[in-house]
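Asker: Can you keep this structure in mind? I'll have questions shortly.
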Amino acid sequence: MTGAAKHGPVAVSDAGSRHDSLVMLDKLTGYWVSQAIYAAARLGVADQLAAGPRPVTEVAAAVGANADALYRLLRALAGEGVFHEVAPGVFGLSPFAELLRRDHPRSLAALSVMFGDLQYQPWGDVLHSVRTGECAYETRQGIEFFEFLRRDPQAAHTFSEAMTSFLNTCGTVLDVFDFTAVRRVVDVGAAHGTLLCSILERYTDTAGVLFDLPHVVADARAHVERAGLLGRCELVGGDFLDQVPAGGDVYMLSTILHDWDDERCLRILRNCRAAMGQEGRLLVTELVIGDGEGPFFGKWLDLHMLVMHGGRDRTAAEYGRLLEAAGFAVERVAPTSFLRSVIEAVPAG
Ligand SMILES: C[S@@+](CC[C@H](N)C(=O)[O-])C[C@H]1O[C@@H](n2cnc3c(N)ncnc32)[C@H](O)[C@@H]1O
């Protein structure tokens with residue numbers, strides 16, 4: 001996605017001097033692109049093109065869109081490399097658009113829908129967050145985002161589906177940890193249990209506990225049932241700020257701590273520590289921020305956590321300090337296959 005791609009060719013004599021302007025225009029209008037992708041994902045356009053290119057008029061009729069407006073949307077997205085206009089008015093999937101298919105193993109469709117439906121508007125208040133250090137969502141809405149999800153089952157479902165989408169994209173504990181000797185693994189804040197189910201599928205002697213807020217657990221049951229794992233997976237509803245289920249030998253916190261400020265991270269970690277025996281083990285999976293000013297998705301996720309939850313993504317040293325304060329000793333920080341790292345810790349002393 002280059003500046004030239006979105007803004008068209010520049011006269012040769014201008015090319016050098018205008019390059020910075022093009023790049024900046026591209027960045028300034030980044031939300032046009034993300035919202036256009038959201039519209040396509042929400043309409044299910046990529047699913048309509050799964051069998052091959054189709055005229056936009058046909059696709060518009062199938063998804064309930066205005067044909068002219070959908071043409072303009074897909075033409076703009078084709079300029080970004082998302083979708084291809086293979087003949088005038090006929091569109092097909094590019095490799096990027098393949099990721100908007102619901103049935104793709106690394107589908108980003110649910111994540112795109114969740115960003116557009118639930119998290120785009122709060123980003124309009126990022127300035128407030130930067131001025132005050134406060135969570136923009138909570139200031140504007142008067143409630144925490146997870147409380148909003150509790151009150152709106154459809155939104156909660158959309159969010160959990162998005163978590164599955166992100167999990168299927170990122171590397172997980174399965175890349176770096178061997179569960180062969182693990183008797184019982186507790187997934188703390190498991191959402192629909194996608195990660196837990198993939199662990200139980202691979203390690204057939206291991207049992208699991210899917211722990212999340214009660215309404216999330218109720219929604220997760222169908223997923224665990226579909227995976228045929230209800231016999232080996234206990235579903236427990238509760239609040240990890242109060243306590244977590246006892247008796248696991250491994251506890252997982254997968255993309256949990258970054259939702260919270262330090263004080264509430266310590267509560268969650270201390271509750272995990274209290275629930276596990278001296279032989280227990282904790283696996284914290286997060287996008288760990290490294291040194292240097294290079295691009296890293298975790299730096300944007302960090303800002304997103306500020307806007308949406310008042311949380312933050314952290315460096316390995318920052319996670320280490322939290323874990324130590326909660327009674328853990330860090331054994332290692334292991335990068336997974338993509339984006340995330342696992343911080344493995346055991347009870348100190
Ligand atoms: C960012 S999602 C991560 C989901 C999953 N672990 C993953 O890696 O995709 C955070 C999860 O924490 C859960 N959660 C939020 N507040 C909670 C609380 N007080 N007690 C238990 N779970 C909570 C949410 O319902 C959600 O499923």
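The values are calculated or read from the model by the stated rules, or taken from the named source; none is laboratory data. Values in this document were obtained by computation on a predicted structure and should not be read as measured data. FYI the Cβ positions are ideal-geometry reconstructions off the backbone, even for glycines, and counts take in every protein chain you see. Keep in mind that these areas ignore ligands, DNA and RNA; they rest on the heavy atoms of the full protein, side chains included. Shrake-Rupley method; radii C 1.70, N 1.55, O 1.52, S 1.80 Å.
Asker: Given the options Arg131, Arg140, name the one that is modelled with pLDDT under 95 and either of a type in the set (Gly, Ala, Ser) or out of contact with any strand residue (DSSP E or B) (no Cβ under 8 Å at 6 or more places or on another chain) (or both). Explain how you work it out, then say what you get.
Answerer: On the way: Arg131 fails: modelled with pLDDT under 95.
Answer to the check: Arg140.
Asker: State all residues of segment 238-258 that are closer than 24 Å to Leu306 by Cβ and touching a residue at least 60 places away in the same chain (Cβ under 8 Å); if no residue qualifies, say none.
Answerer: Initial filter on segment 238-258 (closer than 24 Å to Leu306 by Cβ): 239-241, 253-258.
Once the filter is applied, which keeps residues that are closer than 24 Å to Leu306 by Cβ and touching a residue at least 60 places away in the same chain (Cβ under 8 Å), segment 238-258 yields Leu253, Ser254, Thr255, Ile256, Leu257.
Asker: From Arg321, Arg312, grab the single residue that is within 14 Å of the ligand (Cβ to nearest atom) and either over 19 Å from Arg183 (Cα atoms) or aliphatic (A, V, I, L, M) (or both). Steps first, answer last, please.
Answerer: On the way: Arg321 fails: within 14 Å of the ligand (Cβ to nearest atom).
Only one candidate qualifies: Arg312.
Asker: Now for a separate question. Give me the helices (runs of 4 or more DSSP H) completely within segment 18-137, filtered to those with at least 1 residues that are surrounded by 13 or more Cβ atoms within 10 Å (Cβ to Cβ), touching a Leu at 6+ places or on another chain (Cβ under 6 Å) and small (Gly, Ala, Ser), ordered by residue number. Can you show your working first?
Answerer: Values: elements: 30-43, 45-48, 56-63, 67-79, 95-98, 109-114, 120-123, 126-132.
The helices (runs of 4 or more DSSP H) meeting that bar are 30-43, 45-48, 56-63, 109-114, 126-132.
Asker: Suppose we keep only residues that are surrounded by fewer than 22 Cβ atoms within 10 Å (Cβ to Cβ) and of a type in the set (A, V, I, L, M) within segment 288-302. Which one would you say is farthest from Phe145 (Cα to Cα)?
Answerer: Per the criteria, the residue is Ile289.
Asker: So which of Arg140, Arg150 is more than 14 Å from the ligand (Cβ to nearest atom), more than 16 Å from Thr285 (Cα to Cα) and either open to solvent by 60 Å² or more (accessible area, probe 1.4 Å) or assigned to a loop (DSSP other than H, G, I, E, B) (or both)? Outline the logic, then answer.
Answerer: Working: Arg150 fails: more than 14 Å from the ligand (Cβ to nearest atom).
After ruling out the rest, the residue left standing is Arg140.
Asker: Report yes if some residue within segment 261-276 is more than 19 Å from the chain's Cα centre (by Cα), more than 16 Å from the ligand (Cβ to nearest atom) and modelled with pLDDT under 95; otherwise report no.
Answerer: No.
Asker: Within segment 153-170, how many residues are touching a Leu at 6+ places or on another chain (Cβ under 7 Å), part of a helix (DSSP H, G or I) and either of a type outside the set (Phe, Trp, Tyr) or more than 9 Å from the ligand (Cβ to nearest atom) (or both)?
Answerer: Residues of segment 153-170 touching a Leu at 6+ places or on another chain (Cβ under 7 Å): 155-156, 158-159, 162, 165-167, 169-170.
Checking the rest, the ones that are also part of a helix (DSSP H, G or I) come to 155-156, 158-159, 162, 165-167, 169.
Narrowing the set further to residues that are either of a type outside the set (Phe, Trp, Tyr) or more than 9 Å from the ligand (Cβ to nearest atom) (or both) leaves 155-156, 158, 162, 165, 167, 169.
Final tally of qualifying residues: 7.
Asker: Next question, about the same structure. Please enumerate the residues belonging to segment 171-189 that are open to solvent by 10 Å² or more (accessible area, probe 1.4 Å) and within 9 Å of the ligand (Cβ to nearest atom). Full working, then the answer.
Answerer: The initial filter retains those residues of segment 171-189 that are open to solvent by 10 Å² or more (accessible area, probe 1.4 Å), namely 172, 174-178, 180-184, 189.
If the condition is that a residue be open to solvent by 10 Å² or more (accessible area, probe 1.4 Å) and within 9 Å of the ligand (Cβ to nearest atom), then Thr172, Gly189 are the ones that fit.
Asker: Something else about it: For Thr204, all conditions in the list (1) within 14 Å of the ligand (Cβ to nearest atom); (2) of a type outside the set (Gly, Ala, Ser); (3) free of Cβ contacts under 8 Å to residues at least 40 places away in the same chain; (4) open to solvent by 40 Å² or more (accessible area, probe 1.4 Å) hold save one; what is the number of the exception?
Answerer: Here Thr204 meets the rest and fails (1).
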